[in-house]
1. Per-residue ellipticity at 222 nm for the chain, helices alone: DSSP H runs ≥ 4 residues times -39500 (n - 2.57), over residue total, nearest 500 deg cm²/dmol?
2. Connecting C-alpha atoms closer than 10 Å in a GNM of the chain, tell me which of Gly166, Gly207, Gly237 has the biggest fluctuation.
3. How large is the accessible surface per residue of segment 182-263, computed with a 1.4 Å probe and reported in Å² as a whole number?
4. Kindly report the accessible area of segment 36-95 per residue (heavy atoms of protein chains, probe 1.4 Å, no ligands, DNA or RNA), in Å².
5. Only one of the values (1) 50; (2) 57; (3) 54 was calculated from this structure for percent of Cα pairs over 23 Å apart; name its label.
6. Between Gln41 and Glu106, what is the label-to-label distance in nm when each label sits 7 Å out along the Cα-to-Cβ direction?
7. By a straight-distance test (C-alpha under 14 Å), which aspartates and glutamates pair with Lys52 as possible cross-link partners, with residues fewer than eight away in the same chain excluded?
8. Can you give me the % of accessible surface on segment 112-263 that is carbon or sulfur? Probe 1.4 Å, all protein chains present, nothing else counted.
Amino acid sequence: METAQPRHLIVTVYGLYARDAGGWMSVAKLITLLADLGVDQAAVRSSISRLKRRGLLRASRKNGAAGYELSEEGLAILREGDHRIFRRERATLQDGWLLAVFSVPESERNKRHTLRTQLTRLGFGTTAPGVWIAPAHLSQATEDMLRRLDLNGYADLFHGRHLAFGDLAGKVRQWWDLDQLEQLYEEFVRVHSPALHREHTDRAAFGDYVRALTDWRRLPYLDPGLPAELLPENWSGIRAAELFFTLQAQLELPAERHAVTSS
């Protein structure tokens with residue numbers, strides 16, 4: 001598993017430790033916390049600039065201290081992420097499926113690209129050109145995304161069941177790259193299993209938890225909680241989820257103590 005980029009670590013730190021303060025964190029504190037993750041000051045400042053350009057952070061001063069706060073878009077993305085990242089249960093076949101059907105004029109290709117990118121980010125698979133599929137529990141997140149980006153005029157959402165034809169488990173393998181997912185889950189287990197057996201100071205717990213959460217964050221988007229009945233036997237995603245939630249239970253509180261007391 002590739003080393004997490006500094007900007008991804010920053011988003012994790014903001015998601016965990018800035019929202020209780022209104023989404024704001026001082027530059028000094030952010031540099032201190034990222035140093036505990038092995039990120040130097042120059043890389044922190046460069047990554048902040050990238051997050052500013054993407055509209056996720058904006059400069060703000062509090063009590064004379066320079067800092068950055070989450071934008072409304074940044075807060076919305078993190079709220080949506082909470083439901084995905086910390087969701088334990090998988091979809092079931094009884095839940096049904098969400099279909100997103102879209103049509104974007106050739107003159108608005110940029111919106112077509114944005115729509116495809118966002119549906120992929122949410123974890124949709126593709127059944128045919130312009131027809132995307134996901135477990136039904138993504139309905140609200142998808143609707144919120146389409147409204148937030150003013151794309152709701154280009155798409156229709158449907159909730160239904162697979163009636164025919166062919167083997168649905170085989171279809172799922174066509175719609176999602178399960179082989180790649182299997183490799184990513186196995187790599188997550190390989191990289192983060194050692195943290196289960198380490199003695200942790202608060203600082204060490206912070207480092208292990210933020211890194212594990214940063215690596216875990218993207219996986220529930222690539223695997224949108226597909227029903228277990230449709231997944232390969234001994235699916236490594238189950239082991240990876242058990243590992244992540246065990247690490248969360250062990251490390252969350254000492255990591256938070258370190259984040260709160262660091263200055």
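1. Numbers: 11 runs with 141 residues, N = 263.
Mean residue ellipticity, 222 nm, calculated: -17000 deg cm²/dmol.
2. Gly166
3. Ligands and nucleic acids excluded, the result is 49 Å² per residue.
4. On the way: 3610 Å² over 60 residues.
Here the residues of segment 36-95 average 60 Å² of exposed surface.
5. Read-out from the structure maps to (2).
6. Spacing of the two 7 Å Cα→Cβ label points: 5.5 nm.
7. Cα-Cα hits under 14 Å: Glu69, Glu72, Glu73.
8. Numbers: 3970 of 7880 Å².
Answer for segment 112-263 is 50 percent, counting heavy atoms of protein chains only.
The values are calculated or read from the model by the stated rules, or taken from the named source; none is laboratory data. The model shown is predicted, which means the values in this text are computed figures rather than measured ones. We place every Cβ from the backbone using ideal geometry, glycine too, and count neighbours over all the protein chains shown. Ligands, DNA and RNA are excluded from the accessible area calculation, which covers all protein heavy atoms including side chains. Shrake-Rupley method; radii C 1.70, N 1.55, O 1.52, S 1.80 Å.
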